[in-house]
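Quick notes on the structure that follows.
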């Protein structure tokens, strides 16, 4: 089956918002506590739809099977990937990679210099999950290894680099790790 990629406008497409919320629940059920229910994910989607954003969806047979969305900061010089999800049955087919590349291409055209993403480690899926990272969190960041279910490994695979860490962001031993990519002169 062929996958079609296109820009989506969540504020104008209620059915796409519903599908995107459902993807958050199923794609992150074993990695994040953020979206335990469709209702919680729908709340996140409504907040995201209200922000200035760029989003792209992957569609198979007109059904949303994956999507990515980013919001600007620093006067549009930096865009943060807020959400990226692919339904489990479509994972490991290159959809997430394609969505990142499409997003980066669009962001280059709006004058973005850097794209970043924060990857939570709520489920101890990195080598530092569960640890007290103080007083030297940057030493822990330098030694970090992502497990197979941590998104950081994916982002590094597509060209992002680790550049920051916020210890205990989601509770004791649950850091948030910052990854970024310089795209000012990128040719995705």
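Do we find that residue 144 is within 27 Å of residue 91 (Cβ to Cβ) and not assigned by TED's automatic domain parsing to the domain that holds residue 94 in this structure?
yes
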The condition from (1) at pLDDT 90 or above; (2) more than 17 Å from residue 87 (Cα to Cα); (3) crowded, with 19+ Cβ neighbours inside 10 Å that residue 7 misses is numbered (3)
Looking only at segment 146-155, decide whether some residue is within 17 Å of the chain's Cα centre (by Cα), assigned to a helix (DSSP H, G or I) and touching a residue at least 60 places away in the same chain (Cβ under 8 Å). yes
Just to check your reading of the model, which residue among 67, 79 is closer than 16 Å to residue 118 by Cβ, in contact with a helix residue (DSSP H, G or I) (Cβ under 7 Å, 6 or more places away or on another chain) and surrounded by 13 or more Cβ atoms within 10 Å (Cβ to Cβ)? 79
When you check residue 158 against the structure, is it assigned by TED's automatic domain parsing to the domain that holds residue 19 and either touching a residue at least 60 places away in the same chain (Cβ under 8 Å) or more than 18 Å from the chain's Cα centre (by Cα) (or both), yes or no? no
Given (1) within 13 Å of the chain's Cα centre (by Cα); (2) touching a residue at least 60 places away in the same chain (Cβ under 8 Å), where does residue 107 come up short, assuming only one miss? (1)
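The values are calculated or read from the model by the stated rules, or taken from the named source; none is laboratory data. A quick note: this is a predicted structure, and the numbers were derived from the prediction, not measured. When we count neighbours, we look across all protein chains shown, and the Cβ atoms used for this are built from the backbone with ideal geometry, even at glycine.
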